[in-house]
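Working notes for the structure below.
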């Protein structure tokens with residue numbers, strides 16, 4: 001069992017690779033961003049919280065008290 | 001468990017050991033020019049000059065600050081035997097050209113598509129700059145770039161220019 005686990009860990013680690021600082025050109029592309037358009041996302045979030053009468057729940061600070 | 005810890009420590013040490021630091025000889029590199037790939041620029045051909053090897057890319061935010069600063073330093077010192085070699089780390093040459101359209105520089109630029117130069121210096125941050133003296137020895141390494149770096153670099157270049165070749 002231990003050997004099997006060790007083999008599994010080794011196989012999993014083989015799939016990992018470090019991205020060197022000078023290889024981050026691909027990661028820096030706009031379409032690689034977690035949120036490609038922060039401005040639009042913020043506007044949508046504001047509209048959503050105004051319509052729902054509550055904020056929060058979408059990774060923002062505060063929790064629906066309407067005070068922020 | 002001990003063996004695992006030892007293997008992990010060895011792995012970490014081996015990753016940190018390769019970086020070129022002050023006091024080491026500059027790696028012998030021969031890189032194609034960015035604007036004319038058929039022409040090459042061997043670092044060895046610059047022996048006798050004070051060289052600043054700068055790794056930059058269009059996606060590197062501090063490079064927007066470093067490139068104009070290096071251009072100023074190059075213009076000020078080039079007649080006394082100082083040269084900047086900009087090693088581009090863009091995946092696409094078009095990205096580099098777009099950047100250079102905004103931030104024009106007159107010092108020689110080379111491309112490093114196979115990462116040979118970046119691996120040779122074992123670049124740990126972007127931008128990274130290596131100040132090489134007239135004998136081909138790395139004397140200072142700058143990782144990252146701020147306004148303070150430019151002032152510091154000016155002093156270091158002035159000091160190295162006074163050293164005999």
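Every read-out reported here was derived from the displayed coordinates using simple, explicitly stated rules and does not represent laboratory data. Treat the numbers as computed from the prediction; the structure is a model and nothing was measured. In this analysis, Cβ positions are derived from the backbone assuming ideal geometry, glycine residues included, and neighbour counts consider all displayed protein chains.
Please report the spacing between the Cα centers of region B:30-83 and region B:96-155 in Å, no decimals. Cα centroid to Cα centroid, the span is 7 Å.
How high is the relative contact order of region B:109-165, in percent, with contacts defined as C-alpha pairs under 8 Å that are six or more residues apart?
25 percent.
Placing a label point 7 Å from the Cα of residue B:163 along the Cα-to-Cβ direction, the residues of region B:115-138 whose backbone N falls under 13 Å of that point are B:131-138. If you bin all the Cα-Cα distances of chain B at 10 Å, starting from zero, the percentages per bin are 10, 39, 34, 11, 5, 1, 0.
Measure nothing fancy, just the Cα-based angle from helix B:147-162's long axis to the longest principal axis of chain B, in degrees from 0 to 90, nearest 10. With rounding to tens, the tilt is 80 degrees.
Here the label points at residue B:97 and residue B:116, each 7 Å from Cα along the C-beta direction, are separated by 2.4 nm in the simple model.
The mean sequence separation of alpha-carbon pairs under 8 Å and at least six residues apart, normalised by the residue count of region B:12-165, gives a relative contact order of 35 percent. When peptides B:56-66, B:132-142, A:30-40, B:74-84 are sorted by average Cβ neighbour count within 10 Å, with the highest value leading, the order is B:56-66, B:132-142, B:74-84, A:30-40. When peptides B:27-33, A:47-53, B:108-114, A:11-17 are ranked by their average number of other Cβ atoms within 10 Å per residue, the highest-first order is B:108-114, B:27-33, A:47-53, A:11-17. The modelled label-to-label distance for the pair residue A:12/residue B:80, using points 7 Å beyond Cα in the direction of Cβ, is 5.8 nm.
Starting from the alpha-carbon convex hull of region A:1-52, give the projected area averaged over all orientations, in nm². The number I arrive at for region A:1-52 is 7.2 nm². For the protein assembly as shown, dividing the convex hull volume of the Cα atoms by the residue count gives 217 Å³ per residue.
Kindly list the residues of region B:42-64 that lie in the label zone of residue B:156, defined by a backbone N under 13 Å from the point 7 Å along the Cα-to-C-beta vector. Hits in region B:42-64 for residue B:156 at 13 Å: B:51-55.
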